[in-house]
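A.B. asks: Encoded as structure tokens, here's the structure I'll be asking about.
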Amino acid sequence: MAILDRIKPDFLKSRNISTGPFRQMFNYSRIWRWAMLLTALVTLLPLVLITTLDYQVTRKSIESEHLLRTLRVGSNAKRTISYFLSERVSALSFIVRAKTYEELNDPDELAALLQNLRESFGGFVDLGVIDNSGVQTAYAGPYALQGKDYSDQEWCKEVRDKGFFISDVFLGFRKVPHLVISVRHTRPDGSCYILRTAIETQKFNEILTALELSGRGDAFLINRQGVIQTPTRYQKAIFEKIPYQVPEFSEHTEIREDTNPEGQPVIICSAYIPDSPYILIILKHKNDMMQSWNQTRIKLIGFLAISITVILLAIFAFTTYFVNNMYLADERRLMTLHEMEYSNKLASIGRLAAGVAHEINNPLAIINEKAGLIKDLFTYTDSYSADTRIMGLIDSVLSSVERCGIITKRLLGFARHMEGTLESISIGNIISEVLGFLHKEAEYRNISVMVNLDPTIPEFTSDRGKLQQILLNIVNNAFAAMAIGGRLKIDARKDNAGQISVSIADNGCGMTEEELGKIYEPFYSTKTKTGGTGLGLSITYGLVQDLGGRIKVASKKGEGTTFTIVLPLQPPTTTGK
Amino acid sequence: MRILLVDDETEFVATLAERLSLRSMAVDYATTAQEALALIEEHAYDLAVLDMKMPGTSGLELQSTLKERCPAMKFIFLTGHGSETDYITGSSEASSYLVKPVAIDILIAKIKEALGKW
């Protein structure tokens with residue numbers, strides 16, 4: 001709390017003066033809050049808007065770039081697979097055109113063709129010739145399929161209608177995934193036959209696995225029913241159905257967003273492979289795809305956060321500095337007004353005192369002369385001169401007149417010194433004058449006053465009125481702090497630096513550290529209930545500075561307070577203006 | 001040795017005159033400037049004790065007039081207005097400035113000092 005109090009700006013610590021003719025010009029706390037808020041709004045709003053805009057644009061740009069790239073990969077893969085299939089269909093078509101039905105039914109010829117196909121294209125498992133009735137009349141390959149009747153199979157009808165047929169991927173006898181390609185050829189006599197081959201899907205898989213897909217990306221084929229045709233890396237096993245909706249037919253490569261069974265967003269790129277039952281599927285996790293965006297996003301948010309922090313700190317520092325300076329200027333204005341009011345009051349009191357003293361001095365002079373005359377008459381008359389009682393009474397009247405005279409002279413002196421002029425001063429005299437004002441109070445409250453004067457102190461030049469006021473304020477405060485029977489000790493000496501040091505020590509109630517830190521603040525008073533204005537020490541501080549001196553204070557709660565004033569032998573040149 | 005007292009407070013000036021007379025001094029008193037000027041026509045005074053403020057005139061003005069008539073005359077000022085140094089206005093003619101009420105012994109000492117004898 002103590003550190004917080006120390007760094008807290010002055011205007012936040014101030015007690016608002018809401019009454020009296022001298023108010024602060026503004027509510028500085030409110031000005032500070034509004035200045036902070038508006039400046040922050042004006043500076044941060046554009047920053048936040050631009051960053052948000054940039055955030056959105058960058059995110060969209062990165063997202064569309066990724067989608068475009070996936071689309072491009074999809075299109076390329078579609079072309080490669082399509083070319084792979086059409087290449088094999090064309091190879092079969094070439095064979096049926098180049099060879100006669102009879103040649104193809106020659107087992108050696110067929111075996112030689114199969115061998116050529118394997119060496120030229122790869123992936124060919126077997127080769128068979130199926131006659132018009134659907135019976136395999138010739139076969140080259142690892143299985144004993146010669147004479148097998150395919151007439152009741154769906155694909156057999158389809159190839160007769162369409163001219164060629166590409167089957168779904170299936171396991172077959174060897175339990176190895178493969179597909180079948182069949183082409184029909186019509187002989188010159190009008191009858192037709194089918195050349196059929198089984199192809200391993202290994203080549204497909206190689207094409208698909210060669211695709212560069214980041215993260216958990218996957219590329220595979222499905223058939224029109226959504227059954228997986230090639231192995232997948234992260235999806236279900238081959239021949240299982242994909243957990244997504246089968247894409248609608250389109251001649252172009254399409255891309256769409258979906259959610260996987262775990263509820264995570266995925267990007268699905270699909271392409272129908274022409275003249276085949278296959279649909280190419282490229283599946284990517286959106287989060288993986290946007291990973292580069294995440295890094296950019298963290299940088300962007302970090303930049304925004306740092307910028308906002310720096311701007312807010314700068315706004316806080318500048319606003320606090322300027323508002324505090326305004327506040328301090330206003331405080332100085334108020335202080336000056338109060339000082340003027342205080343000076344005016346003192347001047348009024350001075351004028352009043354001078355008037356009263358003058359009015360009293362004349363009748364006092366008459367009393368003095370009349371009593372003096374009585375004494376003279378008695379002195380010069382032998383019968384009365386020996387009357388000690390009468391002489392004592394007259395002396396008493398004259399002594400009282402003398403006392404009154406001293407009081408009126410002091411009042412006149414007080415009034416005169418309000419004007420502020422430099423003169424040669426004896427510190428001992430000033431202390432005596434000040435104590436003279438409080439002599440009666442000290443007697444009534446049984447306060448003992450000890451004055452210890454260093455005889456080597458020379459007379460020095462200063463403003464008598466200001467010095468009187470400084471000492472009067474401090475001694476007054478000391479009297480207020482002391483209980484009945486208190487002790488006041490005044491020490492005046494010449495210090496090593498050739499300056500005059502006056503210390504005033506009381507054994508009064510003392511002050512806490514916190515109170516000690518505020519005593520020179522204007523309007524701070526512990527005597528508000530008994531009429532303290534909180535200006536005495538503040539003005540004292542200003543007056544000591546005017547005289548080119550310093551004021552120090554040491555205090556302990558419950559033990560007492562010591563004020564020390566150090567004054568130069570020559571005041572600064574500005575004093576006494 | 002003749003002394004002139006001028007003060008508008010009759011009670012004061014009359015009593016002071018009587019007290020100085022009792023001390024074997026030749027003393028006259030006036031309560032106005034006119035009376036003072038009239039008295040100066042009749043007697044030669046060595047010293048005048050003047051009040052600083054009187055109705056219609058000031059002690060300093062009266063001092064100038066008296067000085068014209070009697071250049072050798074010495075002056076002591078009395079005032080109810082301030083301390084001894086209040087009225088040092090450059091007039092070197094005044095020997096002393098005393099604030100009322102003043103003890104008779106001090107006044108006599110000042111008179112002696114001004115006249116440089118007794």
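What follows draws every value from the coordinates through simple rules; no lab data is involved. Because the structure is predicted, anything quoted here is derived from the model rather than measured. Glycine gets a Cβ as well: all are built from the backbone with ideal geometry, and neighbour counts include every protein chain shown.
A.B. asks: Once you put a point 7 Å from the Cα of residue A:174 and another 7 Å from the Cα of residue A:160, both along the Cβ direction, what distance in nm separates them?
C.D. replies: It is 3.0 nm.
A.B. asks: Based on DSSP H runs of at least 4 residues, each adding -39500 (n - 2.57), what is the mean residue ellipticity at 222 nm of the protein assembly as shown after dividing by all its residues, to the nearest 500 deg cm²/dmol?
C.D. replies: On the way: 19 runs with 340 residues, N = 695.
Dividing the helical sum by the residues of the protein assembly as shown leaves -16500 deg cm²/dmol.
A.B. asks: For a test of the definition: using alpha carbon positions, the gyration tensor, and the 1.5 limit on a/c, classify segment A:205-292 as rounded, prolate or oblate. Before the final figure, lay out the partial values.
C.D. replies: Values: a/c = 1.44, a/b = 1.38, b/c = 1.04.
Verdict is rounded for segment A:205-292.
A.B. asks: Let me know the charge dipole size of segment A:349-488 about its Cα centre in debye, to the nearest 20, where only the beta-carbon of Lys, Arg (+1) and Asp, Glu (-1) is charged.
C.D. replies: On the way: 13 positive and 15 negative charges, 86 e Å.
In debye, rounded to 20, segment A:349-488 gives about 420.
A.B. asks: At a Förster distance of 25 Å, what's the computed FRET efficiency of residue A:61 paired with residue A:212, Cβ-Cβ distance as r, to 0.05?
C.D. replies: Values: r = 21 Å, r/R0 = 0.84.
According to the calculation, E is roughly 0.75.
A.B. asks: Please say if segment A:297-419 is rounded, prolate or oblate, where rounded means a/c under 1.5 for a ≥ b ≥ c the square roots of the C-alpha gyration tensor eigenvalues, and otherwise the choice is prolate for a/b larger than b/c and oblate otherwise? Write out the running numbers ahead of the final one.
C.D. replies: Values: a/c = 12.63, a/b = 5.66, b/c = 2.23.
Cα axes put segment A:297-419 in the prolate bin.
A.B. asks: Rounded to the nearest 0.05, what FRET efficiency do residue A:53 and residue A:317 give with R0 = 25 Å and r taken as the Cβ-Cβ distance? Could you check?
C.D. replies: Efficiency computed from Cβ-Cβ geometry: 0.30.
A.B. asks: Right, something else. Summarise the partner chain shielding of A:367-377 as one whole number: the mean count of Cβ atoms from other chains within 10 Å of each residue's Cβ.
C.D. replies: Numbers: counts 4, 8, 14, 7, 2, 9, 8, 1, 2, 8, 3.
The per-residue average across the peptide is 6.
A.B. asks: So between residue A:3 and residue A:359, what do we pick up on full extension, going 0.36 nm a residue minus the alpha carbon distance?
C.D. replies: On the way: separation 356, 0.36 × 356 = 128.16 nm, distance 5.91 nm.
Between residue A:3 and residue A:359, full extension yields 122.3 nm more.
A.B. asks: I would also like to ask the following. On average, how many beta carbons from a partner chain sit within 10 Å of the beta carbon of a residue in A:398-404?
C.D. replies: Values: counts 3, 0, 0, 2, 3, 0, 1.
If you average over the peptide's residues, the count of other-chain Cβ atoms is 1.
A.B. asks: On to the next question. Apply 1/(1 + (r/R0)^6) to the Cβ-Cβ distance of residue A:344 and residue A:424, taking R0 = 22 Å, and write down the FRET efficiency to the nearest 0.05.
C.D. replies: Values: r = 28 Å, r/R0 = 1.28.
Step by step, r from the Cβ atoms, then E = 0.20.
A.B. asks: Take B:52, A:450 and order them by how many other Cβ atoms sit within 10 Å, fewest up front. List each step's numbers first, then the result.
C.D. replies: On the way: B:52 22, A:450 10.
Neighbour counts put them in this order, fewest first: A:450, B:52.
A.B. asks: Where a ≥ b ≥ c are the square roots of the eigenvalues of the C-alpha gyration tensor, would you call segment B:2-115 rounded, which needs a/c under 1.5, or, failing that, prolate if a/b is larger than b/c, or oblate? Walk me through the numbers on the way to the answer.
C.D. replies: On the way: a/c = 1.21, a/b = 1.02, b/c = 1.18.
Judged from the Cα gyration tensor, segment B:2-115 comes out rounded (a/c under 1.5).
A.B. asks: Separate question: Compute the distribution of all C-alpha to C-alpha distances in chain A, in bins of 20 Å from 0, and list the percent of pairs in each, rounded to whole numbers.
C.D. replies: Once binned at 20 Å, the Cα pair distances of chain A give 14, 24, 13, 10, 11, 12, 10, 4, 2, 0.
A.B. asks: Using amide H atoms built in the peptide plane, which far-off residues or other-chain residues are under 5 Å from residue A:260 H to H?
C.D. replies: Residues meeting the amide H criterion: A:266.
A.B. asks: A further question on this structure: Could you pull out which residues in segment A:173-187 have an amide N less than 19 Å from a spot 7 Å beyond the Cα of residue A:137, following the Cα-Cβ vector?
C.D. replies: Correct set: A:182-187.
A.B. asks: Give me the inter-chain shielding for B:9-20: mean count of other chain Cβ atoms within 10 Å, whole number please. Mind showing how you got there, number by number?
C.D. replies: On the way: counts 5, 1, 7, 9, 3, 4, 11, 7, 2, 6, 7, 1.
The per-residue average across the peptide is 5.
A.B. asks: At 7 Å along Cα-to-Cβ for each site, give me the label-to-label distance between residue A:264 and residue B:43 in nm.
C.D. replies: So the two model labels end up 13.2 nm from each other.
A.B. asks: Cut-off is 10 Å between beta-carbons; in what order do A:341, A:521 appear when sorted fewest neighbours first? Numbers along the way, then the final one.
C.D. replies: Details: A:341 14, A:521 18.
Exposure proxy ranking, most exposed first: A:341, A:521.
A.B. asks: Then there is this: Would you work out the charge dipole size for chain A about its Cα centre, treating the Cβ of every Lys and Arg as +1 and the Cβ of every Asp and Glu as -1, and quote it to the nearest 20 debye? Can you show the working numbers first?
C.D. replies: Values: 64 positive and 62 negative charges, 288 e Å.
That gives chain A a dipole magnitude of about 1380 debye.
A.B. asks: Residue B:29's amide H: which non-local residues (gap 5+, or another chain) put their own amide H closer than 5 Å, with H modeled 1.01 Å from N in plane and none for Pro or chain starts?
C.D. replies: So residue B:29 has HN proximity to B:5.
A.B. asks: Taking θ = phi - 60°, what integer Hz values does the Karplus form 6.51 cos²θ - 1.76 cosθ + 1.60 yield along segment A:171-182, in sequence order, with x for Gly and Pro?
C.D. replies: 7, x, 5, 7, 6, 10, x, 7, 10, 10, 10, 10
A.B. asks: Can you list the lysines whose alpha carbon sits under 21 Å from that of residue A:60, skipping same-chain ones fewer than 8 residues off?
C.D. replies: The reachable lysines, counting only those whose Cα sits under 21 Å from residue A:60, are A:284, A:286, A:299.
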